[in-house]
Amino acid sequence: MKIGCTCGAVIIDQTDYLAYKGHLVADEDWEDFAESSRSLGEIDQSFVRHCYQCTSCGRLYVDDHDRRLLAFVPETTVPQSALKSIKGTLWKAPLIGRWTSAPLAGESKGNLYCNGGDGVVEQYDTWEALEQAYFALFFRLKGLGLLRSALLHNGSKQVHAWADTDH
Ligand SMILES: [Zn+2]
């Protein structure tokens, strides 16, 4: 899903763990939501609405009860993150390395992606360079306790996979 912000930026919702997206439950629904989720054994998504913040201008977009997006303009001119993790800089991020022999136009064959810490989006032209960068980042972030999962793919082959067991 994509939202065209009034400022011209585009808010993209196509992956998990977005630093500018939140899940909202109304206080009027809170007890029903908790009870329903408990009896279902999982989050009852029918009570959950979404909110997004434009990372360019800071506008906040909130789904109303009819799931129509309402926009709110911030009072500050410098965007302040409203929807980041409550864990702040200690949030554990997923790390993804992907090698493809048929990249999209304008993209490299090797991609390394991690949105924790300072954030990493890097491209590599050889498998060896991607693999080396992936493991260097993997051991660094794992050592710092900042990883939730890691996945390295070469085409359809899974080369490496790791998941944190205590989050
Ligand atoms: Zn905007």
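Shown for the range 2-72: the carbon plus sulfur share of the solvent-accessible area, taken with all protein chains present and a 1.4 angstrom probe, equals 49%. Close amide-amide hydrogen proximity is noted between GLY22 and CYS51, TYR52, each under 5 Å apart and 5 or more residues distant or on a separate chain (H modeled in the peptide plane; Pro and chain starts excluded).
Positive-end ranking of TYR20, CYS5, VAL62 along the dipole of the range 2-72, with charges on Cβ about the Cα centre, is headed by CYS5.
Of ARG38, ARG148, which has the most accessible area and how do the rest follow, probe 1.4 Å? Present the calculation step by step, with values, prior to reporting the outcome.
On the way: ARG38 170, ARG148 40 Å².
Ranking ARG38, ARG148 by accessible area, largest first, yields ARG38, ARG148.
For the range 107-114, 3J(HN,Hα) computed residue by residue from phi via the Karplus equation (6.51, -1.76, 1.60; θ = phi - 60°) reads 10, 7, 6, x, 10, 10, 9, 7 Hz, glycine and proline entered as x. Across the chain, Cα pairs under 8 Å and at least six residues apart give a relative contact order of 15 percent. Enumerate lysine pairs in the chain that are 8 or more residues apart or on different chains, then count those whose Cα atoms are under 28 Å apart. Lysine pairs meeting both conditions in the chain amount to 18. Dividing the summed helix terms, -39500 (n - 2.57) for each DSSP H run of n ≥ 4, by the number of residues in the chain produces a 222 nm estimate of -5500 deg cm²/dmol to the nearest 500. Beyond 27 Å, what share of the Cα-Cα pairs of the range 11-167 remains, rounded to the nearest whole percent? Result: 42 percent of Cα pairs exceed 27 Å.
How would you order 66-79, 46-59 from highest to lowest mean count of nearby Cβ atoms within 10 Å?
Details: 66-79: 9.9, 46-59: 17.8.
Per-residue Cβ counts within 10 Å, averaged per peptide and sorted highest first, yield 46-59, 66-79.
A 1.4 Å probe run over the range 88-163, with the rest of the protein chains in place, finds 59 Å² accessible per residue.
The values are calculated or read from the model by the stated rules, or taken from the named source; none is laboratory data. Just so it is clear, the model here is predicted, and its values are computed rather than measured. Reconstructed Cβ throughout: ideal geometry from the backbone, glycine too, with neighbour counts over all protein chains shown. Note: accessible area is taken over every heavy atom of the protein model, side chains too, but ligands, DNA and RNA are not part of it. Shrake-Rupley method; radii C 1.70, N 1.55, O 1.52, S 1.80 Å.
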